[in-house]
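Asker: One structure is given below, represented as structure tokens, and several questions about it will come after.
The values are calculated or read from the model by the stated rules, or taken from the named source; none is laboratory data. Values in this document were obtained by computation on a predicted structure and should not be read as measured data. Don't worry about glycine lacking a Cβ; one is built from the backbone with ideal geometry, like all the others, and counts go over all protein chains shown.
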Amino acid sequence: MEINSNSSPILRNFFGDKQTLIQASSTGRLDVMGGIADYSGSMVLQMPIKEKATVSIGHRGYNQLHIKSLDVVGNNELFIDLEDLPKNYKEAGQYLKQIDGGDWGSYIVGCFLVILNEKHIKSVGLDILVKSEIPFGKGVSSSAAIEIATMKALGELFSIEFSGTELPILAQKAENLVVGAPCGLMDQLTSYFGNFVTIKL
């Protein structure tokens, strides 16, 4: 979704005045049956929850990624010069682990690198703001929601058309190869395809 930075004080404070932004959201998920058995190809049942992660992205005048999370305690803002960021996934993950804040930032940077490498996009500087309602570390897929929201926003920013399960597979690749977490695909699939619906009785 395309929006203007003046649409809220939070966006204006981070992006400045009158910047055109791309914004995308994705839900967390609740395990109903199967748990992490998707690692071995077993059947699982997952449901989306109403809490979501939202990522806003705009072009940056510098060859740099400027990333801020509104939810991280501690260092919640990163500046990464693209000349210093390795293009190799494993090397990028090691590079990010050495940076204060690189642990949470690797989920977003990982998606950026996967888009560049797999979709052959030219590297450009970006401002990225992350806001999540999904609690961290509670088993409700906060990381996958951020990855999917980031991928969706980057896809729209770079006019990329994804087919079928391509986007969640690319998000899983970011988590497996850059973040270094050997997750299965159920979290990303649920965050991408899940649709939370409120039913009034």
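Asker: Across the range 146-166, what is the total count of residues that are assigned to a helix (DSSP H, G or I), under 19 Å from V130 (Cα atoms) and either at pLDDT below 95 or of a type outside the set (G, A, S) (or both)?
Answerer: Just the residues of the range 146-166 that are assigned to a helix (DSSP H, G or I), to begin with: 146-157, 166.
Remaining after also requiring under 19 Å from V130 (Cα atoms): 146-157.
Those left that are additionally either at pLDDT below 95 or of a type outside the set (G, A, S) (or both): 146-148, 150-152, 154, 156-157.
Residues that pass the stated criteria total 9.
Asker: Also: Taking interchain pairs and intrachain pairs at least six residues apart, which have beta carbon atoms under 7 angstrom, with the first residue in the range 110-138 and of a type in the set (S, T, N, Q) and the second part of a loop (DSSP other than H, G, I, E, B)?
Answerer: Every condition considered, the pairs that remain are N117/K87; S123/L82; S132/D71.
Asker: Does the range 114-130 contain at least one residue that is touching an Asp or Glu at 6+ places or on another chain (Cβ under 7 Å) and at pLDDT 95 or above?
Answerer: Taking the range 114-130 as the starting set, the residues that turn out to be touching an Asp or Glu at 6+ places or on another chain (Cβ under 7 Å) are none.
Looking through the range 114-130, none of the residues is touching an Asp or Glu at 6+ places or on another chain (Cβ under 7 Å) and at pLDDT 95 or above.
Asker: Residue by residue through the range 143-156, note down the ones that are surrounded by fewer than 23 Cβ atoms within 10 Å (Cβ to Cβ) and either in contact with a Leu (Cβ under 8 Å, 6 or more places away or on another chain) or without any contact (Cβ under 8 Å) to a residue 24 or more places away in the chain (or both). Write out each step before concluding.
Answerer: So in the range 143-156, the residues surrounded by fewer than 23 Cβ atoms within 10 Å (Cβ to Cβ) come out as 155-156.
Scanning the range 143-156 gives a single hit, G155.
Asker: Examine the range 98-114 for a residue that is over 11 Å from the mean Cα position of the chain (by Cα), of a type outside the set (D, E) and closer than 25 Å to T190 by Cα, and state whether such a residue exists.
Answerer: Taking the range 98-114 and keeping what is over 11 Å from the mean Cα position of the chain (by Cα), we get 98-103, 113-114.
Next, only the ones that are of a type outside the set (D, E) stay: 98-99, 101-102, 113-114.
The next check asks that each one be closer than 25 Å to T190 by Cα; those that pass are 113-114.
Yes, that holds for at least one residue.
Asker: Consider the range 157-172. How many of its residues are touching a residue at least 60 places away in the same chain (Cβ under 8 Å) and under 19 Å from G93 (Cα atoms)?
Answerer: Pass one, the range 157-172, residues touching a residue at least 60 places away in the same chain (Cβ under 8 Å): 157, 171.
Pick out the ones that are also under 19 Å from G93 (Cα atoms) and you get 171.
Counting residues in the range 157-172 that are touching a residue at least 60 places away in the same chain (Cβ under 8 Å) and under 19 Å from G93 (Cα atoms) gives 1.
Asker: Which pairs have Cβ atoms under 7 Å, sit 6 or more apart or on different chains, and link a residue in the range 23-43 that is exposed (fewer than 15 other Cβ atoms within 10 Å of the Cβ) to one that is small (G, A, S) and at pLDDT 75 or above?
Answerer: From residues that are exposed (fewer than 15 other Cβ atoms within 10 Å of the Cβ), the pairs are I36/G184; Y39/G184.
Asker: While we're on this one: Answer with yes or no whether K119 is out of contact with any Lys or Arg (no Cβ under 6 Å at 6 or more places or on another chain) and more than 17 Å from S191 (Cβ to Cβ). Explain how you work it out, then say what you get.
Answerer: Numbers: out of contact with any Lys or Arg (no Cβ under 6 Å at 6 or more places or on another chain): yes; more than 17 Å from S191 (Cβ to Cβ): yes.
When the stated conditions are applied, K119 passes them.
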